[in-house]
1. Only Cα pairs under 8 Å and at least 6 apart count here; give the relative contact order of the stretch 2-157 as a rounded whole percent.
2. Give a residue-ordered list of calculated ³J(HN,Hα) values for the stretch 68-75 (Karplus: 6.51 cos²θ - 1.76 cosθ + 1.60, θ = phi - 60°; whole Hz; x for Gly, Pro).
3. Above 17 angstrom, tally the Cα pairs of the stretch 333-379 and express them as a % of all pairs, no decimals.
4. If you average the C-alpha positions of the stretch 89-120 and of the stretch 400-449 separately, how far apart do those two centres end up, in angstrom?
5. Could you give the dipole magnitude of the chain about its Cα centre, charging the beta-carbon of Lys and Arg +1 and that of Asp and Glu -1, in debye to the nearest 20?
6. For W460, which sequence-distant residues (separation of 5 or more, or a different chain) have an amide H within less than 5 Å of its own amide H, given hydrogens modelled in the peptide plane?
7. Whole-Hz Karplus ³J(HN,Hα) for the stretch 230-239, in order, using 6.51 cos²θ - 1.76 cosθ + 1.60 and θ = phi - 60°, x for Gly and Pro?
8. Cross-link list K27/K87; K55/K82; K143/K388; K55/K476; K27/K49: which exceed 22 angstrom alpha carbon to alpha carbon?
Amino acid sequence: MDYLLKTGDITKQRTACLVVGVYNKKKMSAAAEAIDKNSRGALSKILKKGDFQGKAGEIQMLYNIPGSACDRVLLVGLGSEKEYGIKTVRSTAAAVAKALENSYVIEAISALPEVSADESLSKILRETIIASENALYQFDQCKSEPEKNGRPLKKLGLFIGKQRKSQQIEQAITQGKAIAHGVTLAKTLGNLPGNICTPSYLADQARALGRKSKKLNIQVLEEKRMKALGMGSLLSVSRGSTEPAKLIIIEYKGGPAKSKPVVLVGKGLTFDAGGISLKPAAAMDEMKYDMCGGASVLGTLAACAEAELPINVVGLVPASENLPDGSANKPGDIVTSMSGQTIEILNTDAEGRLILCDALTYAKRFNPDVVIDIATLTGACIVALGDKASGLMSNNDTLANDLLAAGERSGDRAWRLPLWDEYQSQLDSNFADMANIGGKGAGTITAACFLARYTKAYKWAHLDIAGTAWLSGANKGSTGKPVPLLTQYLIKRCKLDK
Ligand code: BES
Ligand code: MN
Ligand code: ZN
């Protein structure tokens, strides 16, 4: 969808639908009041009838409002005026987008961004765009006859009153669109089934992304090359599958040549059956989402390129399937990682760390400022945090705090868990340098402890997105997380968070 800024007099906005807000207890926003005045109290009259209270998310379409240049007025409840803030901006933007889509208007103007909150207009505009796109997202690529809306919403004007358009505001729009598109890409890659979204498919999608921007450079390492590099751990996982593993490298050069990059490493397990340590059948389909870390890396790099952020970022996506067959990893097998450290595979279902460790070793060659890995790594993380926050573990407090702050600010939150040395002994092995599982307790932390043995050379953080990357049940589908968190972190690093 297209978003554009609208300024001037609200009563003169020529549009199929003008969206105005009303707070709790029928208290009109400035925009609603202006329309009310201009229509000689048409809105007050309707509100008096009591059908519309102004509760958060409440929606009412009105026709034939006299005096204004619009065909319809959509009232949106904003809830408590005191509590109005960025959270309400997000939820009302989503409610509005859905209502407009269902009302078959193809163009509308929303006066919600004008409403004052304890936030900059830039931030409100950015979040409005992200939340609207999120709400309008549909995945119907695999339906033979997708339900078509003959009159889909194509244009949303964002009315900002008498304010002048500034570079800062234009930038917010650009960023909002870029982040929204990055989230959409991550969602779609996640929702695609494992028989379509294979490691080769992910590699092709990265190449397609590369064709969109001169600042993106794509390279795909094949198994032969990985073997020569000594990536015995990564390759051991793909051995049980007929789909060849890929190591996807996406370089975005938006900053000065000498500035050290942020390296993002995303788990790209396109289907995780568990291998010989086979998973139970229930909900196993959801293991197509085991590449959501990788998808978030593609989405974040797409956003960087679209917003032309002045920063260098490298995306690494080790991509593989984890399936059982005659050549698959067996419990007890010992493999040698690229770092030289040996690993006793006590559970073939703990495969994420096996592909990540070699990618994390490979990350060193980019001379990174920081490395952040993103992975649907442990079921234990869902037990600990549910779907409300990603698990965060780090060997650097500044990096951890920056990521926590980016999570708060983007509404895509993370929560830190400890990475104390005391947990390391859970990975002791009688036969190799380490085991790939850490026993009963603290599964999310011991998984991170495993990765920590490969990330000593740089500042590193690990995001466990097992609980946040997708929703189960009736709303089953990818969330696109943590693209908002990651892009927010990068935007802040560029000092462009206005
Ligand atoms: N991809 C899974 C983690 C996962 C499971 C994410 C369910 C979301 C929902 C990962 O590869 C895995 O299987 N982890 C094991 C580790 C265990 C064997 C130590 C797990 O969490 O059970
Ligand atoms: Mn697994
Ligand atoms: Zn997995």
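Every number in this text was worked out from the coordinates using simple rules, so none of it is lab data. All values derive from a computational prediction rather than experimental measurement. Every residue, glycine among them, receives a Cβ derived from its backbone with ideal geometry; neighbour counts consider all protein chains shown.
1. On the way: 283 pairs, mean separation 45.0, N = 156.
In percent, rounded to a whole number, it is 29.
2. Here the 3J(HN,Hα) series is 8, 8, 9, 6, 9, 10, 9, 8 Hz.
3. Working: 427 of 1081 pairs.
Taking all Cα-Cα pairs of the stretch 333-379, the fraction more than 17 Å apart is 40 percent.
4. The stretch 89-120 and the stretch 400-449 have Cα centres spaced 39 Å from each other.
5. Values: 63 positive and 51 negative charges, 414 e Å.
Here the size comes out at about 1980 debye.
6. Residues meeting the criterion, in which the H sits 1.01 Å from N, are V371, N395, N396.
7. Result, rounded to whole Hz: x, 7, x, 6, 4, 5, 5, 6, 7, 4.
8. Details: K27/K87 19 Å; K55/K82 13 Å; K143/K388 30 Å; K55/K476 27 Å; K27/K49 14 Å.
Beyond 22 Å: K143/K388; K55/K476.
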